[in-house]
């Protein structure tokens, strides 16, 4: 403010030298202000360029982040899908194991029942053979029928026949006569 009053006083009452000096100062000040304005314009242009570059980097980073999020979501969906498949597989294995266990128990019951029926069948096969000679003849006839070398032979049946024959031989106190 005080500088403005001095300038106004020089303009109104100043001599030619003071006015020339004021003109020179005004010219220098004008050049200085123009240089500052030019410098500020350059800085402003650089700031705008930096801002644009920053926005471009931010956009690129956002696109990269978006891509990474999509990939992460896809990976999560794939993981969930695989986990569901594994869980279904484990559930199926568990149900299959339970079903197999139940089938095994049922077969064990049938096997024990079948053994009882086999022993009943042995009684039928040797029924009526009440002396050692009849038992021996029946044994030979049964072995001819069920021997594994025959077309319709059955090794398990031969084993059962041999057991029954051994029991009957012991029962009649006869040695094993072949």
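The values are calculated or read from the model by the stated rules, or taken from the named source; none is laboratory data. On a predicted model such as this, the values are computed, not experimentally measured, just so you know. Cβ coordinates were reconstructed from backbone atoms using ideal geometry, including for glycine residues, and neighbour counts include every protein chain displayed.
Couple of notes before you dig in:
- Residue 58 vs. criteria in a helix (DSSP H, G or I), over 27 Å from the mean Cα position of the chain (by Cα) and surrounded by fewer than 10 Cβ atoms within 10 Å (Cβ to Cβ): no
- Qualifying residue in region 110-124 (condition: modelled with pLDDT of 80 or more, in contact with a helix residue (DSSP H, G or I) (Cβ under 8 Å, 6 or more places away or on another chain) and assigned to a helix (DSSP H, G or I)): no
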